[in-house]
Number of protein chains: 2
Amino acid sequence: MKKMNIGLIGFGNVGSGVVKILREKKNFLAEKIGVEINIKKICDKDILSKRNVSIDKGLLTSKASEIIDDPQIDIVVELIGGINPAKEFISGALKSGKNVVTANKALLAQNGKELFALARDRGKNIYFEASVGAGIPIIKSLREGLVANRFNNIFGIVNGTSNFVLSEMSANNRSFPDALKQAKEKGFAEKDPSLDIEGIDSAHKLIILAYLCFGKLVSLQDVFVEGISQVSLADVNYAKELGFEIKLLAIAKKDNNELQVRVHPTLIPRSHLLSSVSGVYNAIYVSTDLAGNLMFYGPGAGQFSAASAVVSDLVDLTQDIKAGLFRSTLNIIEDRSVKKLCRIEDIKGRYYIRFSAIDKPGVLAHVSGILAKFGISIASVTQKERSRSQIVPIVMIVHEAREKELRLALSEIDRLHVVREKSIAIRIEEL
Amino acid sequence: MKKMNIGLIGFGNVGSGVVKILREKKNFLAEKIGVEINIKKICDKDILSKRNVSIDKGLLTSKASEIIDDPQIDIVVELIGGINPAKEFISGALKSGKNVVTANKALLAQNGKELFALARDRGKNIYFEASVGAGIPIIKSLREGLVANRFNNIFGIVNGTSNFVLSEMSANNRSFPDALKQAKEKGFAEKDPSLDIEGIDSAHKLIILAYLCFGKLVSLQDVFVEGISQVSLADVNYAKELGFEIKLLAIAKKDNNELQVRVHPTLIPRSHLLSSVSGVYNAIYVSTDLAGNLMFYGPGAGQFSAASAVVSDLVDLTQDIKAGLFRSTLNIIEDRSVKKLCRIEDIKGRYYIRFSAIDKPGVLAHVSGILAKFGISIASVTQKERSRSQIVPIVMIVHEAREKELRLALSEIDRLHVVREKSIAIRIEEL
């Protein structure tokens, strides 16, 4: 049986998961794919710590060059994460004629353009199934399964930490800090959870998804990103009363030849399937021209879940290499109906708004007068219970408005003497 | 650019969808895949009726042999459905060295073993993405995306007609006949809907899914099949009160080295994502050893949805053919931990039961006494409102019991003088 050698850079959590699968399922995989996948070398800066898999010490090295420069290695798997030196390792591997598997969403989001171009120049492939949704085969589905489709939009719950926090708030009536503490205790949030909570990780994944669906690799600066740290339990509960759940959504949406690319807390109707995705689960909901609306759901993280995706990439590559094929199915072509990116200020949508005002006659007239001045009309309004401080929350849903006008209106409202806290606005998506 | 010729057998709804996509997206696809897919011949017994796509009359034929015997045709697409002559066409195509794409679940469920063996002998492939879940890339996901996984179970809502009927009953309080009438009016049910409603279509799809996950092509006779025509609105509503939805599930489940393969109405907890899959949508929920629990959701039928899947198969085949590759990723290997199929009588589970008894003291004691005699214990019981006829429904959930004992108990209970209608039992899955 043909043998293919792989070199693994990064022997951490996912890396050792990959090694474990390739060892324990060696025969199972060989029988399925007709190729033996052989781990020739493993590189990590730490080659001393024990992992949950026993390997021949001779496989270990702390020098990536021993993998990149080894002519017998066919595929390099990069699992160290971060930009440098991952970028140098991947481009080095491509330059020395190797195919690459990576789970590195941050790197692909930042430097994907040059890395994909380099791969194409060299007739090599970069596979990255584990970069979004871990073991959910979303990359393969968008690229191959839905190859004949054009995409209208993507709505993704792609960060398990944030979704866990929001689910805890909604289901167990916890405040944001309590829910985050819970996430940390359960190992669902890192010590410094800001990349997750502030939406950056979701934005990285969104850039990859939007690239697959629309053929444009937008830069992080062009993605509007708002995290969940400002979402209060009060808003979660008011939203619920109105029939919505609040989710951190990664959205890429084509509207009138403009592409919106944004990550932010979003009210979605409780009747929509995405609103039932709770805990650390991920789900990607896409709308297509032929296959309709589809959803892909599963755990968005986890050692073996991510390793499952890495191994599926390895298997695809073994088949490509065996056939001497640069798989053109992987060609990602630009959606030329997209003329430009839409700035957040120009996006039109409905909003949930909460004002904190003094409980005095005329307040609502003031507030709604300013909204009307900016052409914003109210769909529903509820004045909530009085609090001790005599400041009452006024909760509104407004009809479609442009973000620019909404912001102007809110800043004028917030200057009113009777309004005592910064008003809260959360975008609504009907999907 | 390399050109590949296809011959299409079956120019009905899905067939004309495929033709339309291949024509309207010719350049889009060619740019993606580096191959021009050319329709060389279209065969249908009716070549006179107008379709919603205009084609050169010279392409049409009513003789399948003009496709099967044409040495210039690389791929045959079979979309006529049914067993004969589809089986002869597919085996003829394989024998004359062509690859095959089909959406024919009934044929694969019945004759898959010999057709797959024939394809393997000839070094050709049969692709069948459209056979389950239309445009949902479930076949590709199970076979390629989850290639490293072993499967524990599959729970599928794979028949849109039945799911529409059950959703209508649940959401709009319609009786079964009313809901079915509604489905027919909307074009979601055929004039004779028995294949859908009685679970046969789901069973065909289940056989294909179980083959992919466990490597065993079970025969229809080995699948326990019960349709939804006996599900009453009363049971839908009582189930709801207890926190469940009733869905027609296609289940393949590994339990103690035995494989259960069954289709029947099932109570599933409303908190489970599958219970929120409503209308004509399909969803396949799988549990794996590495990637955890995953769900794939989308429209389960429709001209362009199914055609989207057919075209994705065509694209995969163009790449395989270009590379001269028989893709071993498609090797389906047997799960040897499965020792035998489990008979329905030996399956253990919880049940929802409804008795119709005369409203008289001592009835419950009688009924529960018989259940106890067979070792079946009651988890909850509710006596519902009296009806005019003085027959009251008694609704129960029982703890785990073996189907054999449950059936014996029910038949004894149904012989009681106080029990006036055949008792209803519906299986519960916790998932």
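Considering (1) among the hydrophobic types (A, V, I, L, M, F, W, C); (2) in a helix (DSSP H, G or I); (3) out of contact with any helix residue (DSSP H, G or I) (no Cβ under 6 Å at 6 or more places or on another chain), the lone condition that A:Leu94 does not fulfil carries the number (3). Candidates A:Ser380, A:Ser312: the one that is polar (S, T, N, Q), touching a residue at least 60 places away in the same chain (Cβ under 8 Å) and farther than 25 Å from A:Leu242 by Cα is A:Ser312.
Can you pull out the residues in segment A:71-90 that are β-branched (Val, Ile, Thr) and surrounded by fewer than 17 Cβ atoms within 10 Å (Cβ to Cβ)? Within segment A:71-90, A:Ile83 is the sole residue that qualifies. Residues in segment A:119-138 that are in contact (Cβ under 8 Å) with a residue 40 or more places away in the chain, closer than 18 Å to A:Leu94 by Cα and touching a Leu at 6+ places or on another chain (Cβ under 9 Å): A:Lys124, A:Asn125, A:Tyr127, A:Phe128.
The single condition among (1) away from every other protein chain (no Cβ under 12 Å); (2) crowded, with 22+ Cβ neighbours inside 10 Å; (3) within 28 Å of B:Asn282 (Cα to Cα) that A:Arg262 does not meet is (3). Condition first: small (Gly, Ala, Ser) and at pLDDT 95 or above. Now tell me which residues in segment B:386-431 satisfy that. Residues satisfying the conditions are B:Ala401, B:Ala409, B:Ser411, B:Ser423, B:Ala425. Against the numbered list (1) away from every other protein chain (no Cβ under 14 Å); (2) not in a helix (DSSP H, G or I), B:Leu108 comes up short only at (2). All of (1) surrounded by fewer than 21 Cβ atoms within 10 Å (Cβ to Cβ); (2) under 28 Å from B:Tyr281 (Cα atoms); (3) modelled with pLDDT under 95 hold for A:Ser278 with one exception: (3). Of the residues making up segment B:12-24, those that are under 11 Å from A:Ala148 (Cβ atoms) and buried (at least 20 other Cβ atoms within 10 Å of the Cβ) number 4. Any residue that is facing another protein chain (nearest Cβ under 10 Å) and not aliphatic (A, V, I, L, M) - is there at least one of those in segment A:12-19? Checking segment A:12-19: at least one residue is facing another protein chain (nearest Cβ under 10 Å) and not aliphatic (A, V, I, L, M).
In the set (1) more than 19 Å from B:Thr318 (Cβ to Cβ); (2) acidic (Asp, Glu); (3) out of contact with any Ser or Thr (no Cβ under 9 Å at 6 or more places or on another chain), the condition left unmet by B:Asp46 is number (3).
Residue-wise test of (1) farther than 13 Å from B:Arg262 by Cα; (2) of a type in the set (A, V, I, L, M, F, W, C).
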| position | (1), (2) |
| --- | --- |
| B:Leu209 | no, yes |
| B:Phe214 | yes, yes |
| B:Leu217 | yes, yes |
| B:Leu220 | no, yes |
| B:Phe224 | no, yes |
| B:Ser232 | yes, no |
| B:Asp235 | yes, no |
| B:Tyr238 | yes, no |
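Suppose we keep only residues that are surrounded by 18 or more Cβ atoms within 10 Å (Cβ to Cβ) and under 14 Å from the mean Cα position of the chain (by Cα) within segment A:180-197. Which one would you say is nearest to A:Val231 (Cα to Cα)? Going through the qualifying residues, I end up with A:Ile197. Inside segment B:126-147, residues that are closer than 25 Å to B:Glu258 by Cα, facing chain A (nearest Cβ under 7 Å) and touching a strand residue (DSSP E or B) at 6+ places or on another chain (Cβ under 9 Å) make up a count of 2. Would you pick out the residues in segment A:148-163 that are within 11 Å of another protein chain (Cβ to nearest Cβ) and either buried (at least 24 other Cβ atoms within 10 Å of the Cβ) or in a helix (DSSP H, G or I) (or both)? Result: A:Ala148, A:Asn149. Among the residues of segment B:387-431, those that are out of contact with any Lys or Arg (no Cβ under 8 Å at 6 or more places or on another chain), within 30 Å of B:Ser271 (Cα to Cα) and surrounded by fewer than 16 Cβ atoms within 10 Å (Cβ to Cβ) comprise B:Lys404, B:Arg407.
This table checks each residue for (1) under 23 Å from B:Ser162 (Cβ atoms); (2) within 19 Å of the chain's Cα centre (by Cα); (3) at pLDDT 95 or above; (4) not assigned by TED's automatic domain parsing to the domain that holds B:Lys25.
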residue	(1), (2), (3), (4)
B:Val286	yes, yes, yes, yes
B:Leu290	no, no, yes, yes
B:Val310	no, yes, yes, no
B:Leu314	no, no, yes, no
B:Ile321	no, no, no, no
B:Gly324	no, no, no, no
B:Arg336	no, no, no, yes
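Do we have A:Ser62 as without any contact (Cβ under 8 Å) to a residue 60 or more places away in the chain, more than 30 Å from the chain's Cα centre (by Cα) and in the same structural domain as A:Leu115 (by TED's automatic domain parsing) here? Yes: the conditions hold for A:Ser62.
Cβ separations smaller than 8 Å between residues 6+ apart or across chains give the following pairs from segment A:354-371 residues that are within 14 Å of A:Lys384 (Cα to Cα) to residues that are of a type in the set (Phe, Trp, Tyr) and modelled with pLDDT of 90 or more: A:Arg354/A:Tyr238. Does A:Ile42 count as at pLDDT 95 or above, surrounded by 11 or more Cβ atoms within 10 Å (Cβ to Cβ) and part of a loop (DSSP other than H, G, I, E, B)? Criteria not met by A:Ile42. Checked against the criteria, B:Ser368 counts as more than 22 Å from the chain's Cα centre (by Cα), surrounded by fewer than 24 Cβ atoms within 10 Å (Cβ to Cβ) and either part of a helix (DSSP H, G or I) or on the phi > 0 side of the Ramachandran plot (or both).
Annotation note: Cβ proximity below 8 Å between a residue of segment A:404-430 that is farther than 17 Å from A:Phe374 by Cβ and a residue that is in a helix (DSSP H, G or I) and not hydrophobic (A, V, I, L, M, F, W, C) (sequence gap 6+ or interchain) occurs for A:Val418/A:His366; A:Lys422/A:Asp414; A:Ile424/A:Asp235; A:Ile426/A:Asp235. Give the residues of segment B:265-299 that are of a type in the set (Phe, Trp, Tyr) and at the interface with chain A (Cβ under 8 Å from one of its Cβ atoms), sorted by residue number. B:Phe296, B:Tyr297 - these are the residues of segment B:265-299 that are of a type in the set (Phe, Trp, Tyr) and at the interface with chain A (Cβ under 8 Å from one of its Cβ atoms).
A count restricted to segment A:216-233 and to residues that are part of a loop (DSSP other than H, G, I, E, B) and aliphatic (A, V, I, L, M) stands at 5.
From the set of residues in segment A:164-179 that are at negative phi and outside any helix (DSSP H, G or I), which is surrounded by the most Cβ atoms within 10 Å (Cβ to Cβ)? Per the criteria, the residue is A:Arg174.
The values are calculated or read from the model by the stated rules, or taken from the named source; none is laboratory data. All values reported here derive from a predicted model rather than from experimental measurement. Because the Cβ atoms are built from the backbone with ideal geometry, glycine has one as well, and the counts that use them run over all protein chains shown.
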